[in-house]
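Participant: Dropping a structure here in structure tokens format, bear with me for questions.
The values are calculated or read from the model by the stated rules, or taken from the named source; none is laboratory data. As the structure is a computational prediction, the values presented were derived from the model and not from experiment. Heads up, the Cβs are rebuilt from the backbone with ideal geometry, glycines too, and the neighbour counts pull from every protein chain shown. Surface accessibility is based on the protein's heavy atoms, side chains included, excluding ligands, DNA and RNA. Shrake-Rupley method; radii C 1.70, N 1.55, O 1.52, S 1.80 Å.
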Amino acid sequence: MTAGQARVAWGLVALAAALVMLRESLPSGLVRPPEWMVLPFADWINAAFAFLRDDLGLMTLTRAFSDVMEACLDVTANLLYGKNRWPHLGPIPWSVIAVSAGMVGFALGGWRLAALAGGTFVWIAVMGQWQWAMETLSVILVATPFSVALGLGFGVLAWRSQAFERLLNPILNIAQSMPHFAYMIPVVVFIGVGPKAAAIVTIIFSVPPMIRMTLLGLRKVPPEVVESGKMSGATRWQLLTRVRIPTARTDILIGVNQVVMQCLAMVVLASFIGMPGLGQKLLQLLQALKIGLSIEIGITIVLLAVMLDRLSKAWAMKQPVHHMPGVRWIERHRLLLIWLGLVALTSALAWLHPYFIEVERKQALSMAGPVDASMKVFIRAMTPVTEWLRWFLITWVLIPLRDAFLWLPFAAVLLLLAGIGWAVGGRRSALVCLAFFLPIAMSGWWDRAMITVYMVCVSVLVAVLIGVPAGLWGAARPVRAARLLFLCDTFQTFPSFIYLIPVVMLFGVNDVAVVASVVVFATVPIIRYTIEGILGVPPEIVEASSMSGATRGQIMRHVQLPLALPTMMVGANQSVMFSLFMVIIAAFIGTQDLGQEMQRALSSTDVGKGLVLGFAVAFMGLMVDHLILRWSDGRHRSLGF
Amino acid sequence: MNALPDPVTLSTTLPPLSAGWGTVPKDRHVNEAEPVIACRNLWKVFGDRPDRILSRLNCNPSAEELRQSGLIAAVRDVSLTIGRGEMLVVMGLSGSGKSTLVRCLSRLIDVTSGAIIVEGRDIGAMTETELIDLRRRKMGMVFQSFGLLPHRTVVDNVAFPLEMRGQDRSTRIARAMEMLELVGLKGRESYFPRELSGGQQQRVGIARSLAVEPEIWFLDEPFSALDPLIRREMQDEFLRLKGMLSNTIVFITHDFDEALRLADRIAIMKDGAVEQCDTPERIVMSPATEYVAKFTSAVDRSRVVRAAALAIPAEGTGAEGQPVAAGQTLRDLARLIVSDSRAFIPVADAQGHVIGALDRQRAVDLLLGEPA
Ligand SMILES: Nc1ncnc2c1ncn2[C@@H]1O[C@H](COP(=O)(O)OP(=O)(O)OP(=O)(O)O)[C@@H](O)[C@H]1O
Ligand SMILES: [Mg+2]
């Protein structure tokens, strides 16, 4: 930071402070956005949508697309849970699916993956959740290929044409920071509710990472490989399909992994737009405070997430291995034959006994009853503690803080943000901050937005207070670090919805529960990047400073932390993004922020309002993203990495 | 005849001597009159919008001047002709622009200025289809870092150019297996590139470029990753192929011994420019610039210079007795030169005609590495 830059930044911050001091005597136009500033964005968006829908006849197009979607969904629904549609083959017995999943797991990653994949389906079946899980999977099974194909197509286009990439980039940025609900509302308008709409919203939501990974992969193809293809006389199309895309295989498959995970997260959430399945059950059970069953469903969702993640990652990382010459056909296709044998065996079992086709609910091993009972005891025992904690947090921390955030004059907030922007990246960043935050003021949702900001601030602060020490503790020993990183990796695969189960269990439905769930969700990236940052400090530097006689504490404070800070800030960035998403999702357990309004917009299918709220959330995220990226860029440069 | 006969004419007029040059005679029909590749005033400038200095290229801007505008001339003002069946070896320090020159000649990259004529056609003006056709029919290339397709087995990699030509699977696999046997990779055909060592990968690259029997063959340090034994074997194999196929070859290497074994002509590059392009003997014996002299100073001259190059007119020297063969290097003749007592030794061509006399003292000086 140059001296001049610092002076301007401090000036702006001082001005903001002055406004705060003088709040009582400020004209009301500086405290809250004045009437004339608030523009009817929502009406404009609604008008645009009405035009698209009615005058341009986009409706027929979306209807056609949704018919295609429905046909595909009918096929998977028939196969997986026996919906009475073409091809009238299903339902495939659960035992057959379980051994098939196990075989896929074995082929991709040996016994452990086989156990995970097979075990997951056995668990689902014997717990009596087959129908719900298959409803969820049938949508994922349809949405994933569509997303992958779309992402690949757009990725190739963006790679081919710089202009298209330049157009696509900001759209992707905004799309990736829009909360899930913002996607649902337009889809509800065009498609309606139900599995069809869920599949479409899932596709839209999960395409951006695929585009990104395709682009990245195509760029990384070594130039000599492409040149050798050219010298072999390949045409452009042959180069793309036989040289470039196969060579970029790993990156593209990592894109597939991300698509699958995004699909799962979205399908679970799509319960809000009438998607049956695990998500809907979980939602109902949580609202009815049926803890035992929610935990069982939660475990199912977690198992599915971990399984899908590990399987697709294993696929991405799997490198082809050759067969020795002269190996017979049977040997080469051993796995295939074993699989066929197992399928025959389980089919026979299913034919002999219906238990192996589907486990009825009354035969299920569900332990919800006892779990509920013991939970009741546990919760009753915990009640004094949680009650007190809740009371204390709400009356002494959360409400005062919320009121303080609401009390701030909006002009002061904008000035403060401009000041921070100026300090980080000069005039440009200050303008970027304003460009992201001013529209929020102009949207007419200032108070709601400030409540969201307050919840994110509190949660991220607590997440940092927990996550950084935990990360430092973890980074002290390599084994511990590896375990903790593995844990963080696993936690990050969970759909955000899952995090609500334990907090609702402990705190009921209120602000504390929301903050607690957001904190848990936001702590994971902080721990993870703290560990990675500390481990990334070059060992020579640490050795050199311990040779200069620094104690471990000194090394930590003066060497490791400063060098790890840029990486840790990446974690903070993710943490803010996750919190924003989570705060909005958590809205249904009772908040008064943008999320609540978003839910209202969803239930009244108000596209304009929903998108305005979505953009408000996205802009907050993008502003923080910009600030942190600028800061760590400057930091990296001054550290000479 | 002059004091020093012209080695170019000698090497083409002299028939081969079996005891002479490596294991394979140099009887290639280098046809200077029919250039396969010709380039004139070739420039390749890297950097941001190199076209902005286009107008200044004919006044030959210095590297410093270019650097100030953020540009690097990887190839500067190169003019070459390569005759049918000729083998040109390109040498030079790392970063001197060898790979870039070859990429220009194969139009893998577009030149900044200048023209390249391949078999009478300006490849810069070719359409994409024509270029693809030319590559499918005529060209082959071995890449410095192999450029193998990681998702294909060895045999599928080798068959790739044939696949692009549209050959059916069984024919192209059979041909690819043949090529793999040639480079000594039989039995590894179903491996993936990642499962091979660097040298083996390089041999896959060589086999792939050979699969189409290219008339024009570019090789960018094809033997650099090989161990000395295999390298020697591959060079022998290469010379044998070269004798059989009579294709036109541009070959990059850092190894002077390799260059001497293989080259018809050597081009020495420095900072993008060709300092000298000549036969090995001339490069060593009469370097055009100080840089070339320095570049070749470590070369053992006795292995390059042949008796013919040192021969002076025999009249008046009194040379008599058993003659030596004109095509033999001084190294081949070392024992004789040291133990003989004559001051001048007659030099005879393959037919046994005496074409001159070898000054023994001079030959001894050269053998001992003293400046001639
Ligand atoms: N795509 C490129 N963009 C910018 N500069 C390049 C590019 N390719 C090559 N250069 C530059 O051109 C010069 C010549 O590179 P080139 O690869 O032709 O060298 P070389 O003689 O083949 O070296 P080596 O023996 O190490 O392979 C180098 O200075 C290099 O930095
Ligand atoms: Mg090179």
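Conditions tested, residue by residue: (1) in contact (Cβ under 8 Å) with a residue 60 or more places away in the chain; (2) among the hydrophobic types (A, V, I, L, M, F, W, C); (3) not assigned by TED's automatic domain parsing to the domain that holds residue A:632.
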site: A:382; (1), (2), (3): yes, yes, no
site: A:387; (1), (2), (3): no, no, no
site: A:391; (1), (2), (3): no, yes, no
site: A:398; (1), (2), (3): yes, yes, no
site: A:413; (1), (2), (3): yes, yes, yes
site: A:418; (1), (2), (3): yes, yes, yes
site: A:425; (1), (2), (3): yes, no, yes
site: A:428; (1), (2), (3): no, no, yes
site: A:434; (1), (2), (3): no, yes, yes
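Participant: Can you name every residue in the range A:555-579 that is of a type in the set (A, V, I, L, M) and open to solvent by 10 Å² or more (accessible area, probe 1.4 Å)?
Facilitator: Correct list: A:555, A:556, A:559, A:561, A:563, A:565, A:568, A:569, A:570, A:572, A:576, A:577.
Participant: Which of the numbered conditions does residue B:223 fail, given that it passes all the others? Conditions: (1) under 29 Å from residue B:61 (Cβ atoms); (2) within 16 Å of ligand 2 (Cβ to nearest atom).
Facilitator: Every condition holds for residue B:223 apart from (1).
Participant: Out of A:64, A:143, A:71, I need the residue that is within 15 Å of residue A:200 (Cα to Cα), at pLDDT 90 or above and open to solvent by 40 Å² or more (accessible area, probe 1.4 Å). Which one? Reasoning before the result, please.
Facilitator: Numbers: A:64 fails: at pLDDT 90 or above; A:143 fails: open to solvent by 40 Å² or more (accessible area, probe 1.4 Å).
Testing whether each residue is within 15 Å of residue A:200 (Cα to Cα), at pLDDT 90 or above and open to solvent by 40 Å² or more (accessible area, probe 1.4 Å) leaves just A:71.
Participant: Of everything in the range A:320-346, what is in contact with a helix residue (DSSP H, G or I) (Cβ under 6 Å, 6 or more places away or on another chain) and within 11 Å of chain B (Cβ to nearest Cβ)? Give them in sequence order.
Facilitator: Taking the range A:320-346 and keeping what is in contact with a helix residue (DSSP H, G or I) (Cβ under 6 Å, 6 or more places away or on another chain), we get A:323, A:335, A:339, A:342-343, A:346.
Of everything in the range A:320-346, just one residue is in contact with a helix residue (DSSP H, G or I) (Cβ under 6 Å, 6 or more places away or on another chain) and within 11 Å of chain B (Cβ to nearest Cβ), namely A:323.
Participant: If you go through the range B:124-156 one residue at a time, how many are buried (at least 19 other Cβ atoms within 10 Å of the Cβ), more than 7 Å from chain A (Cβ to nearest Cβ) and basic (Lys, Arg)?
Facilitator: 2
Participant: Here are some conditions: (1) within 14 Å of another protein chain (Cβ to nearest Cβ); (2) open to solvent by less than 20 Å² (accessible area, probe 1.4 Å); (3) touching a residue at least 60 places away in the same chain (Cβ under 8 Å). Residue B:215 meets all but one. Which one does it not meet?
Facilitator: Exception for residue B:215: condition (2).
Participant: Right, next: Within the range B:284-324, track down each residue that is among the hydrophobic types (A, V, I, L, M, F, W, C), surrounded by 18 or more Cβ atoms within 10 Å (Cβ to Cβ) and assigned to a helix (DSSP H, G or I). First the steps, then the outcome.
Facilitator: Let us first name the residues in the range B:284-324 that are among the hydrophobic types (A, V, I, L, M, F, W, C), namely B:284-285, B:288, B:292-293, B:295, B:298-299, B:304-305, B:307-312, B:314, B:319, B:324.
Subsequent filtering for residues that are surrounded by 18 or more Cβ atoms within 10 Å (Cβ to Cβ) retains B:284-285, B:292, B:295, B:304-305, B:307-312, B:314, B:319, B:324.
Passing the criteria: B:284, B:285, B:292, B:295, B:307, B:308, B:309, B:310.
Participant: Report yes if residue B:118 is out of contact with any Cys (no Cβ under 7 Å at 6 or more places or on another chain) and away from ligand 1 (no atom under 13 Å from the Cβ), otherwise no. Can you show your working first?
Facilitator: On the way: out of contact with any Cys (no Cβ under 7 Å at 6 or more places or on another chain): yes; away from ligand 1 (no atom under 13 Å from the Cβ): yes.
In short, yes.
Participant: How many residues does the range B:248-263 hold that are closer than 18 Å to residue B:143 by Cβ and either free of Cβ contacts under 8 Å to residues at least 24 places away in the same chain or open to solvent by less than 10 Å² (accessible area, probe 1.4 Å) (or both)? If you could, list the steps in order and put the result at the bottom.
Facilitator: Within the range B:248-263, the subset closer than 18 Å to residue B:143 by Cβ is B:249-255, B:258.
After this cut, where a residue has to be either free of Cβ contacts under 8 Å to residues at least 24 places away in the same chain or open to solvent by less than 10 Å² (accessible area, probe 1.4 Å) (or both) as well, the list is B:249-253, B:258.
Residues flagged as closer than 18 Å to residue B:143 by Cβ and either free of Cβ contacts under 8 Å to residues at least 24 places away in the same chain or open to solvent by less than 10 Å² (accessible area, probe 1.4 Å) (or both) within the range B:248-263 amount to 6.
Participant: Which residues, counting only those in the range B:325-343, are open to solvent by 50 Å² or more (accessible area, probe 1.4 Å) and in contact with a strand residue (DSSP E or B) (Cβ under 7 Å, 6 or more places away or on another chain)?
Facilitator: Start the filter on the range B:325-343 by keeping residues that are open to solvent by 50 Å² or more (accessible area, probe 1.4 Å), which leaves B:331-332, B:335-336, B:338-339, B:341-343.
Hit for the range B:325-343 is B:336, nothing else.
Participant: Looking at the range B:60-87 only, could you name the residues that are within 15 Å of ligand 1 (Cβ to nearest atom) and open to solvent by less than 10 Å² (accessible area, probe 1.4 Å)?
Facilitator: Residues satisfying the conditions are B:66, B:71, B:75, B:78.
Participant: If only one of B:105, B:101 is in contact (Cβ under 8 Å) with a residue 40 or more places away in the chain, within 16 Å of ligand 1 (Cβ to nearest atom), within 14 Å of chain A (Cβ to nearest Cβ) and under 23 Å from residue B:137 (Cα atoms), which one is it?
Facilitator: It is B:105.
Participant: Also, I was wondering about something else. If residue A:362 meets every condition in (1) more than 30 Å from residue A:435 (Cβ to Cβ); (2) out of contact with any helix residue (DSSP H, G or I) (no Cβ under 6 Å at 6 or more places or on another chain); (3) at pLDDT 85 or above apart from one, which number is that one?
Facilitator: (3)
Participant: Return the residues of the range B:88-123 that are within 16 Å of ligand 2 (Cβ to nearest atom), open to solvent by 20 Å² or more (accessible area, probe 1.4 Å) and among the small types (Gly, Ala, Ser); say none if nothing qualifies.
Facilitator: B:94, B:95, B:99
Participant: Take the conditions buried (at least 16 other Cβ atoms within 10 Å of the Cβ), of a type in the set (Gly, Ala, Ser) and at pLDDT 90 or above and apply them to residue B:225. Does it pass?
Facilitator: Details: buried (at least 16 other Cβ atoms within 10 Å of the Cβ): yes; of a type in the set (Gly, Ala, Ser): yes; at pLDDT 90 or above: no.
Criteria not met by residue B:225.
Participant: Another question about this same structure. Any idea which residue in the range B:227-261 is nearest to residue B:183 (Cα to Cα), counting only those that are within 16 Å of ligand 1 (Cβ to nearest atom) and in contact with a Gly (Cβ under 9 Å, 6 or more places away or on another chain)? Working first, answer last.
Facilitator: First, pick out the residues of the range B:227-261 that are within 16 Å of ligand 1 (Cβ to nearest atom): B:250-256, B:258-259.
Filter once more, keeping what is in contact with a Gly (Cβ under 9 Å, 6 or more places away or on another chain): B:252, B:254.
Working: B:252: 19, B:254: 21 Å.
Checking each candidate, the answer is B:252.
Participant: Check every one of the helices (runs of 4 or more DSSP H) wholly within the range A:182-296 and list those with 3 or more residues that are more than 14 Å from chain B (Cβ to nearest Cβ) and of a type outside the set (Gly, Ala, Ser).
Facilitator: Numbers: elements: A:195-220, A:223-231, A:249-269, A:278-287.
The qualifying helices (runs of 4 or more DSSP H) are A:195-220, A:249-269, A:278-287.
Participant: Also: Restricting attention to the range A:595-631, which residues are open to solvent by less than 70 Å² (accessible area, probe 1.4 Å), within 20 Å of residue A:426 (Cβ to Cβ) and in contact with a Ser or Thr (Cβ under 8 Å, 6 or more places away or on another chain)?
Facilitator: A:622, A:625, A:626, A:627
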